[in-house]
Amino acid sequence: MRWVLALALLARLPLVAGSAADVARAIRENSFDRDECYRVRDLTLIKEDLHVYLTDGYLIFSKPVAGRPIAAVFLADTDGGDGEVMLLPPDSAERRSLATYIDSPNLDEHFRGAVFLFTGDVYDALKKQLPDNPANKKIPELGALMDEQWTSALRNLGAGYQTRLTLDLLGWPASRPGFLVAFFQGIKLGNFDVVFDPSSSEQILAGQLTTRDSRLYFDTWTSFAARSARLHPAPREPELSTRDYRIQAVVNEDLSLSAVTRVKVTPAAGGTPVAPFEIAREMAVTEATVDGRAAEVLQSDALRVNLMRGGNNLFLVVPPEPLRQGVEYEFEFHHSGRVIHDAGDRVFYVSARGFWYPMIGQQFVSYDLLFRYPHDLDLVTPGEVVEDRTEGDWRTTRRRTSSPIRMAAFNLGNYEHARLERAGYVVDVCANRTLERALQPRPQPILTTPPTAVMQRRRQSDLVEAPVPVPQTRLQVLASEVASALEYMASRFGPPALPQLTVSPIPGAFGQGFPGLIYLSTLSYLKSLPTSRDPAALQSELFFEDVLQAHEVAHQWWGNRVTAATYRDAWLMEALANYSALLYLEKRKGGNSVELMLDSYRAELLAKSASGQIVDSTGPIVLGPRLESSQEPRAWRSIIYGKGSWIIQMLRRRMGDERFFSMLRELMTRYGGKEISTEGFRELASQFLPPKSDDPKLEAFFEQWVYGTGIPSLKLAWSVKGKAPSLRLAGTLTQSDVGEDFSALTPVEIQVARGRTITRWVRSATDPVTFTVALSQPPLKVALDPHYAILRR
Ligand SMILES: [Zn+2]
């Protein structure tokens, strides 16, 4: 009776064990069902705004996975064969975005062939139409050929989406319609993708995988909420909410990181069979439990999806039984990987600064972080040190955060510290005791990871000419500068994300500000270079010595206390952080330094692209990360940081300083611990305009500078007529270099007596605009926009 026993054992195993892996494998190893091959005419596939017409050709479905076909291939190989895809973006901004890539505001493309991957009702919807046309018939003899020709493409594309498809096939979340991704071979546009993903906040996306200068990009042509979501917008609540992260991590001798992460997870809906998480691609999740019971983990590498998700991996946890609504579960993960890299001479580069542990979005949660690491190193994370001991070759440090934060980063090195306490906040600045190889007199290229945040082009010769710098020399200075910046910003915006702030070095020309922990370019630690008269060198100096660190300090508020609602609002965090850095620069070095930075941002925005257009015209700032496309790779940085700073500067000039600073304070009060959208910011900012302002809701301002593009040239001509005391100044403001509807509210300053000026705001237009000002005495000086109130050529 041995077989009975075996069956009994099997029956006791959880029903879903191995199911995610099985589903994913079936997707990767899928092939076509030769009996499901058809000659087809006039089939349509409609997903809300997306219309696909299989006008004339052959269609074959894949074999079933989890009970139903999940893929199909259409080929327009017949006489007069044709397929067509149509997508009409719902608003002018998305039509403009699409037009910058395909020279048309709407997608209407005929295609030779297409591969479809799907969950939900696509198979049934297509099959149902077959009897409608007598020309549609089964042709199994072609099935074999199509199967042979297309199976490897099916498997490649399937592998790229296996986690996403598996998530749906396991039943997450049951209430949503199915997912669809279509890969088209367009007649004019070449290969491109269209995605319909109900779990995304913008369900429809069209774009193209492409390379430029041997770097891979996913160009998002257009992305928007599908019709039903536009008509009935649903509140954006997380499906799984998390709290109370406890992470125990070991930095091994070989620098690999092994960690056990525990977190409490509560599902918003019942019967949740699978939980999706994100983690850096360098990290492998080897094991997971839910309330102490083994859960299945499915993790895979998927290039396209990762490019769209900002480089992180989607992975799935399948608990032994579906999660119940409102019940809190303890998830435990074992994960390890190479996220720490040796940059030479005991200087380290942490590549996965966020997402080195499993996360669901970025929710405000508390952290308890325990690290075990080689005793001759320092390891820094956010929060207050509650334990720090060395035993033999190992050091253990434990920290806890005193308030919820959005993510916990870490850094390590052989550090020298400078600690300062200022206004109740503790600043700990760490410097490497040695220089990474790249900064030593004979630089070697070591950094292969592209900098992701603020970066700058410092000429290599600057580094070579500099005397061998000792990082500690600037340590005390740096600590006091960071503390001053923190103190200044706290006085302006209120308390930061956490009362302790650690600043630690990262090899590279960029910085990144996480709650309680800042990564600062090692260049910021170097001894001051002699001040040069060359503006580029001076800007570089200002950037590394003042702006970068203050920018990262400012992220303690912008991005870590107030957060952006969606990728379209992310510009606001960068713009506010960078402008806060400029405010601090202004306080320390005066307005001229700020003007110098604004000049350099303007120059970057006015630089010509390969297409002959200026960088600014690549797209509006609200496109956020979509600006980092193959079209103009510089655009993202120039627009987010440079134009973003200009937008805040222009608002400041419209409001005046007092109202502007009240606005920033109110922004923090109203949105601390919350998300803000671009529209929410517009509404708040408009409340701080002086009474009776032109454009009182700032709608024209945002339309132009935030949702639109364009940098005008403005010219002022003026003359004075009449006799004192009844003089009349007549002026003409002429605008050029921008589109038809452009119009900028520009100040004209008339100095009538020493120290007394009249400011008249004049709105420019396509045609020259005239204005008059009554004066009692001749003006000493008339100036157009003398104080950087308008971004102009
Ligand atoms: Zn930033």
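Bear in mind that the values in this text are calculations on the coordinates, not laboratory data. What you are looking at is a predicted structure, and each value in this text was computed from that prediction instead of being measured. Cβ coordinates were reconstructed from backbone atoms using ideal geometry, including for glycine residues, and neighbour counts include every protein chain displayed.
Numbers at a glance
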{"read-out": "Mean Cα-pair separation over length for the chain, i.e. relative contact order, pairs under 8 Å, 6 or more apart, %", "value": "7 percent"}
{"read-out": "Neighbourhood net charge (15 Å Cβ-Cβ; Lys/Arg +1, Asp/Glu -1) for Ile758", "value": "+3"}
{"read-out": "Charge dipole of segment 533-691 about the Cα centre (unit charges at C-beta), most positive-ward option of Leu689, Met668, Ile640", "value": "Leu689"}
{"read-out": "Translational diffusion of segment 640-793, µm² s⁻¹ [Kirkwood Rh, Cα pairs; Stokes-Einstein; 37 °C; 0.692 mPa s]", "value": "194 µm²/s"}
{"read-out": "For segment 733-764 and segment 101-141, distance of Cα centres in Å", "value": "56 Å"}
{"read-out": "Gain upon complete extension [Leu780, Lys723; 0.36 nm per residue less C-alpha separation]", "value": "19.0 nm"}
{"read-out": "Antiparallel DSSP beta bridges within the chain, percent to nearest 5", "value": "90 percent"}
{"read-out": "Once the Cα gyration tensor of segment 481-529 is diagonalised, semi-axes √(5λ) in Å", "value": "22, 13, 8"}
{"read-out": "Test item: Cα-centred dipole of the chain, Lys/Arg +1 and Asp/Glu -1 on Cβ, debye", "value": "2160 debye"}
{"read-out": "Cα gyration tensor, segment 356-418 - rounded (a/c under 1.5), prolate or oblate", "value": "prolate"}
{"read-out": "Contour minus Cα-Cα distance for His232 and Glu699 (0.36 nm per residue)", "value": "165.7 nm"}
{"read-out": "Stretch gain in nm, segment Lys137-Arg324, where the contour uses 0.36 nm per residue and the Cα spacing is subtracted", "value": "62.7 nm"}
{"read-out": "Alpha carbon Rg of the chain, scaled by the compact-globule rule 2.2 N^0.38 Å", "value": "1.06"}
{"read-out": "Relative contact order [Cα under 8 Å, 6+ residues apart], segment 54-191, whole percent", "value": "26 percent"}
{"read-out": "Ordering of 755-766, 583-594, 156-167 by burial proxy (mean other Cβ atoms within 10 Å per residue, highest first)", "value": "156-167, 583-594, 755-766"}
{"read-out": "Relative contact order, percent, segment 675-735 [alpha-carbon distance under 8 Å, six or more residues apart]", "value": "22 percent"}
{"read-out": "FRET efficiency estimate (nearest 0.05) - Cβ-Cβ, Gln362 to Glu287, R0 22 angstrom", "value": "0.35"}
{"read-out": "Residue-averaged 222 nm ellipticity for the chain, from DSSP H runs of 4+ at -39500 (n - 2.57), nearest 500", "value": "-7500 deg cm²/dmol"}
{"read-out": "For Arg281, distant residues with modelled amide H under 5 Å away", "value": "Asn313"}
